[in-house]
């Protein structure tokens with residue numbers, strides 16, 4: 001939860017130079033960073049700064065369409081929110097885009113305020129996502145420092161079972177389980193059992209049933 | 001002509017007899033000859049006198065001859081050959097003279113015969129009978145050989161013949177009874193005596209007749225059997241009159257046996273032929289009847305004054321009237337009132353012998369339904385070639401007509417769809433082209449404003465933004481200009497054509513559309529308009545566009561919907577086309593913007609049709625303008641240079 005993000009950046013992908021430059025100009029005029037690209041390839045080749053941001057994407061693009069590109073993003077490591085712009089959007093097209101996770105679907109010529117609101121909302125969403133990802137990353141790092149046996153014990157602990165039952169389930173002595181439990185709490189930096197349960201939740205570790 | 005008529009009507013068959021007929025005839029002749037030879041030695045053997053024999057025999061002969069005579073008279077009435085009349089008269093004579101002969105025969109009705117007969121009466125009547133018959137037969141043979149022209153008025157001739165024969169028989173009866181004593185004695189008791197000279201003479205005459213029939217190359221079947229008649233008849237005469245000597249001897253009976261054969265031969269032939277022909281005709285008729293009955297087309301027979309004489313099953317089905325309801329009735333009852341004159345004209349033309357094929361018209365069914373039909377009419381001729389009636393074949397084309405109307409409807413819909421989609425695609429393309437720079441203009445201008453309203457204002461950034469807005473705006477204008485140029489410079493397929501024809505084609509295409517909106521169309525095509533050198537399809541698109549606009553404009557208006565289309569020749573050989581409607585009209589303000597792209601007054605309009613139309617017309621060196629129509633509505637007109645003087 002450090003949250004030391006730099007200035008957010010908006011990535012604009014539109015094959016029309018005048019359009020993408022004007023959008024970038026508008027975004028810079030409200031104090032945000034902006035990078036404009038003529039194609040999705042250019043965007044992917046660009047070394048992105050590790051700051052919150054979003055993508056403003058034209059639906060009609062040479063090569064793969066904006067919608068297709070969005071689908072490839074969903075399956076990749078790029079989790080930037082996507083705002084669509086289109087010259088002639090149909091309802092079915094916008095429904096498709098929103099269903100696959102697009103943030104907004106704007107029709108050209110785009111209303112200035114609409115675009116800026118969508119950009120701000122997307123950046124806020126991205127910021128939240130980044131914080132969440134960072135937290136999960138930290139917790140996972142701690143989890144990785146656990147021994148194999150401790151990783152076995154942890155799900156049973158977060159399921160709320162007493163040490164005696166855990167010992168029975170794993171064929172260990174109650175004393176050994178106690179030691180493991182203390183180690184887990186320490187390594188995971190959990191202040192309480194509730195804290196540990198939340199971390200397990202973040203890592204999507206299901207409570208053990210044995 | 002005679003031969004042709006014989007061909008058509010002679011009965012029995014005028015064709016030369018086949019081998020089988022000839023063989024049968026010769027066999028019969030040979031049998032007769034053989035019977036004669038066998039009986040000859042016993043000719044004078046006296047046989048018992050059978051009282052009932054003579055009246056029974058004579059009665060049979062009378063009936064046979066009468067029937068033969070009647071059939072021959074009928075044959076004559078059809079073939080109109082004088083020879084046949086003589087032959088028929090001969091058979092009638094043969095039949096009638098049997099009456100006094102039987103009545104006067106001694107010992108039949110009275111010991112000395114009736115009618116005041118003397119002893120010689122019967123004998124004289126016998127020779128008059130036989131001699132007369134042979135005379136008639138000879139008359140036939142001679143006349144038939146000369147093949148005289150057909151006689152007229154056969155009916156009167158038949159009556160005349162019957163009367164003459166009756167008078168002749170009556171006269172002979174009178175002669176042999178009242179004048180009995182002046183005639184030479186022929187018979188002494190039962191012995192024949194003087195008549196020995198008569199029978200051979202008659203036989204020789206008959207043989208001459210047979211000889212005349214024998215070599216005829218084109219001998220008809222009738223002639224062949226007459227030959228048989230003559231031969232058997234001669235046999236009978238020989239055995240009775242020459243070889244025999246007394247009444248009731250073998251010769252006397254034998255002669256009558258031959259007589260039966262002679263009389264029967266022709267009757268059998270005639271009856272066979274009559275039967276064969278009847279059978280053939282019935283078969284023909286039933287074949288024809290089956291065709292007429294099972295036809296899907298109405299087949300109607302009519303007299304020249306329009307009275308129905310026949311009405312087949314399909315006619316019942318199509319028009320709803322049954323045959324008994326229509327036959328004898330004027331056909332006018334299935335003709336709509338406004339078409340009665342047309343029917344009279346048709347009948348007049350048919351009376352002149354003309355035919356009509358696939359004439360499309362309308363009839364009214366029994367239930368009042370109007371039926372579209374295709375008529376084929378042929379005059380019916382009689383034998384003399386005069387038109388005596390009309391045969392009418394009517395096909396129900398209501399379904400076809402409906403299909404045609406529907407097809408037109410579909411075509412019109414298609415044209416509309418094509419027009420809308422073409423414009424829709426164009427509009428989408430133009431919208432995208434214009435949207436891009438427009439987006440840039442708006443964004444850059446907004447950015448500029450923000451740079452200016454910052455604290456402190458970033459003037460340099462604002463300047464860049466405004467410069468971007470200007471260049472994007474310029475580009476938007478460029479796009480519009482490019483679209484116009486595209487329409488202007490579309491590769492025009494110029495050809496010379498008649499504007500009237502081109503408009504007629506358009507009208508044919510959207511007839512369904514016009515009808516569907518209950519629009520009344522008035523056209524006024526000037527015949528003196530010069531042809532134009534232009535892209536026919538483009539000009540038709542303009543016309544189509546203007547007409548569809550007019551229909552749309554009238555859709556929302558109350559009152560009568562009137563679409564007027566006119567062409568006219570203007571000065572400098574210009575062609576002017578005007579499309580007027582009685583719709584909502586155009587207000588002053590709209591009139592100016594009307595031709596601007598994307599301007600529309602219609603809820604679903606694209607606002608592109610008139611702009612494109614004007615571009616097309618201008619590309620052809622013409623003008624397109626709008627004005628108010630009188631008394632209401634709008635009037636669109638365009639001009640095109642005539643092809644003789646195209647402007648640069």
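With respect to (1) modelled with pLDDT of 85 or more; (2) in contact with a strand residue (DSSP E or B) (Cβ under 6 Å, 6 or more places away or on another chain), the lone exception for residue A:104 is condition (1). Report yes if residue B:627 is part of a strand (DSSP E or B) and at pLDDT 80 or above, otherwise no. Yes, satisfied.
Sort through A:56, A:82, A:95, A:74 and tell me the only one that's over 14 Å from residue A:20 (Cβ atoms) and either in contact (Cβ under 8 Å) with a residue 60 or more places away in the chain or touching a strand residue (DSSP E or B) at 6+ places or on another chain (Cβ under 8 Å) (or both).
Details: A:56 fails: over 14 Å from residue A:20 (Cβ atoms); A:95 fails: either in contact (Cβ under 8 Å) with a residue 60 or more places away in the chain or touching a strand residue (DSSP E or B) at 6+ places or on another chain (Cβ under 8 Å) (or both); A:74 fails: either in contact (Cβ under 8 Å) with a residue 60 or more places away in the chain or touching a strand residue (DSSP E or B) at 6+ places or on another chain (Cβ under 8 Å) (or both).
After ruling out the rest, the residue left standing is A:82.
Restricting attention to the stretch A:10-19 and to residues that are in a loop (DSSP other than H, G, I, E, B) and more than 25 Å from the chain's Cα centre (by Cα), the residue that is nearest to the other protein chains (Cβ to nearest Cβ) turns out to be A:16.
The single condition among (1) under 30 Å from residue B:45 (Cα atoms); (2) crowded, with 20+ Cβ neighbours inside 10 Å; (3) within 49 Å of the chain's Cα centre (by Cα); (4) in contact (Cβ under 8 Å) with a residue 40 or more places away in the chain that residue B:239 does not meet is (3). Restricting attention to the stretch A:90-103, the residues that are within 13 Å of another protein chain (Cβ to nearest Cβ) and on the phi > 0 side of the Ramachandran plot add up to 0.
How many residues are in contact with a helix residue (DSSP H, G or I) (Cβ under 9 Å, 6 or more places away or on another chain), in a helix (DSSP H, G or I) and either away from every other protein chain (no Cβ under 14 Å) or closer than 16 Å to residue A:201 by Cα (or both) when one looks only at the stretch A:104-140? Number satisfying all stated conditions: 5.
The set of residues in the stretch B:454-470 that are at the interface with another protein chain (Cβ under 9 Å from one of its Cβ atoms), free of Cβ contacts under 8 Å to residues at least 24 places away in the same chain and part of a helix (DSSP H, G or I) comprises B:461, B:462, B:464, B:465.
Applying a threshold of 6 Å to beta carbon distances and a minimum spacing of six or more residues, or different chains, the list of pairs starting in the stretch B:432-443 at a residue that is more than 7 Å from every other protein chain (Cβ to nearest Cβ) and within 17 Å of residue A:26 (Cα to Cα) and ending at one that is in a helix (DSSP H, G or I) and modelled with pLDDT of 85 or more reads B:441/B:469; B:441/B:472; B:441/B:473. Total residues in the stretch A:155-205 satisfying the condition of being under 23 Å from residue A:137 (Cα atoms) and without any contact (Cβ under 8 Å) to a residue 24 or more places away in the chain: the figure is 11. Scanning the stretch B:343-390 for residues that are under 19 Å from the mean Cα position of the chain (by Cα), part of a loop (DSSP other than H, G, I, E, B) and surrounded by 14 or more Cβ atoms within 10 Å (Cβ to Cβ) returns no hits. Might you check whether a residue that is surrounded by 20 or more Cβ atoms within 10 Å (Cβ to Cβ), more than 41 Å from the chain's Cα centre (by Cα), without any contact (Cβ under 8 Å) to a residue 60 or more places away in the chain and at positive phi occurs anywhere in the stretch B:127-146? Within the stretch B:127-146, not a single residue is surrounded by 20 or more Cβ atoms within 10 Å (Cβ to Cβ), more than 41 Å from the chain's Cα centre (by Cα), without any contact (Cβ under 8 Å) to a residue 60 or more places away in the chain and at positive phi. Within the option set B:483, B:479, B:543, being within 14 Å of another protein chain (Cβ to nearest Cβ) and either surrounded by 13 or more Cβ atoms within 10 Å (Cβ to Cβ) or modelled with pLDDT under 85 (or both) holds for one residue only, B:479.
Taking the listed residues B:151, B:167, B:162, the one that is exposed (fewer than 15 other Cβ atoms within 10 Å of the Cβ) and under 53 Å from the mean Cα position of the chain (by Cα) is B:167, with no other qualifying. Looking only at the stretch A:44-71, count how many residues are farther than 23 Å from residue A:26 by Cβ and modelled with pLDDT under 85. Total satisfying the criteria: 7. Taken over the stretch B:305-332, the criterion of being surrounded by 16 or more Cβ atoms within 10 Å (Cβ to Cβ) and in a loop (DSSP other than H, G, I, E, B) is satisfied by B:306, B:312, B:320, B:321. Scoring residue B:428 on the criteria (1) in contact with a helix residue (DSSP H, G or I) (Cβ under 6 Å, 6 or more places away or on another chain); (2) within 11 Å of chain A (Cβ to nearest Cβ); (3) modelled with pLDDT under 90 leaves a single failure, condition (1). Of the residues B:172, B:178, the single one that is within 21 Å of residue B:87 (Cβ to Cβ) and at pLDDT 80 or above is B:172. Specify the residue that is farthest from residue B:366 (Cα to Cα); the eligible residues are those in the stretch B:333-342 that are surrounded by 15 or more Cβ atoms within 10 Å (Cβ to Cβ) and in contact with a helix residue (DSSP H, G or I) (Cβ under 7 Å, 6 or more places away or on another chain). Going through the qualifying residues, I end up with B:335. Just checking, does the stretch B:574-588 include any residue being part of a helix (DSSP H, G or I) and at pLDDT below 80? Yes: the stretch B:574-588 contains one or more residues that are part of a helix (DSSP H, G or I) and at pLDDT below 80.
The values are calculated or read from the model by the stated rules, or taken from the named source; none is laboratory data. Treat the numbers as computed from the prediction; the structure is a model and nothing was measured. No Cβ is skipped: glycine too gets one built from the backbone with ideal geometry, and neighbour counts run over all protein chains shown.
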